[in-house]
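Working notes, structure below.
The values are calculated or read from the model by the stated rules, or taken from the named source; none is laboratory data. Bear in mind the structure is a predicted one, so any value in this text is a computation, not a measurement. As a convention, Cβ positions derive from the backbone with ideal geometry for all residues, glycine included, and neighbour counts pool all protein chains shown.
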Amino acid sequence: MNEKALQFAKLLQYNEFRGSSGWLEKFERRHGIVAKVISGESKDVEDNDSENWITETLSKILKDYKPENIFNADETALFFQCLPQKTLKFKKKKCFGGKQSKVRLTVMLGANMTGHQKLKPLVIGRSKNPRCFKGAKSLEVDYDLNKKSLMTSEICEKWVQKLNKPMVAECRKIALVFFIIVPPIQRKSTQN
C-alpha cells in the first residue's frame, strides 16, 4: 500500500510525501481490524514421519548418485481465478470467504540437486487448444490436459518417459524423487 501511495503522490506532484506503514497500523488498531487467513489445508502426513523417511530410507537410495544426477520434481496448483486467502476484518467479527474458483492449472516443476539443470515445466490444463497458445511457434513448457486439470498416472508416466529419453541418449542414470499423489502407475521398464 505504501508503494501505491508513493505512486499517487508522484502522480499528483506532491513531492514532499514520505510514505510509511504507521498510519495503516494505527488505523487498524483504532478500528480493531486484523488480517486473517480465510481458508487453509490440514496436514496429511506428520512432519516426523516424512523427516524419518527422508533421513533413513531416501538417503540410502540416493547415496550412489552424484548430486547432478539427483532430480526432484513437484506439482503445484495455479488457481488463477481465486479470491485472496487473507482479508482485513474487525477483531470480534467472523471471517467468511466467498466460494473459491476451482479453475486451475497443475504445474510440475523439477531440477537437479545442484540447480544447474532445470526440467522443462509440465502444465496440465483442460483445453485441447488453449486460446493463449494461438499463434505460438513454440512453447517453453510441455502441455497436457484432462477434464479437471489434474495429474493422472497416464500423464505422469508420459512425462517420466519423455524425461528418460535424453538421459538414455547421454548414458546417464538419474534418481527422480517426486512426492505427488496420483493413482498407481503401471510400471513399465525403461532403458535407464
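What the table below lists for this structure:
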{"quantity": "Within the range 134-143, tally of residues that are outside any strand (DSSP E or B) and either within 21 Å of the chain's Cα centre (by Cα) or touching a residue at least 60 places away in the same chain (Cβ under 8 Å) (or both)", "calculated": "3"}
{"quantity": "Test for residue 11: is it modelled with pLDDT of 75 or more, within 30 Å of residue 104 (Cβ to Cβ) and not assigned by the TED database to the domain that holds residue 164", "calculated": "no"}
{"quantity": "Contacts under 8 angstrom Cβ, first residue in the range 51-71 being touching a residue at least 60 places away in the same chain (Cβ under 8 Å), partner of a type outside the set (A, V, I, L, M) and part of a loop (DSSP other than H, G, I, E, B), 6 or more apart", "calculated": "65/173; 69/172; 69/173; 71/117"}
{"quantity": "Number of the condition not met by residue 168 [criteria: (1) within 16 Å of residue 74 (Cα to Cα); (2) among the aliphatic types (A, V, I, L, M); (3) out of contact with any strand residue (DSSP E or B) (no Cβ under 6 Å at 6 or more places or on another chain)]", "calculated": "(1)"}
{"quantity": "Residue check for residue 18: at pLDDT below 75 and either assigned by the TED database to the domain that holds residue 175 or at negative phi (or both)", "calculated": "no"}
{"quantity": "Members of the range 144-183 found to be more than 15 Å from residue 107 (Cα to Cα), in a helix (DSSP H, G or I) and touching a residue at least 40 places away in the same chain (Cβ under 8 Å), listed by number", "calculated": "163"}
{"quantity": "Conditions (1) charged (D, E, K, R); (2) in a loop (DSSP other than H, G, I, E, B); (3) at pLDDT below 90: number failed by residue 89", "calculated": "(2)"}
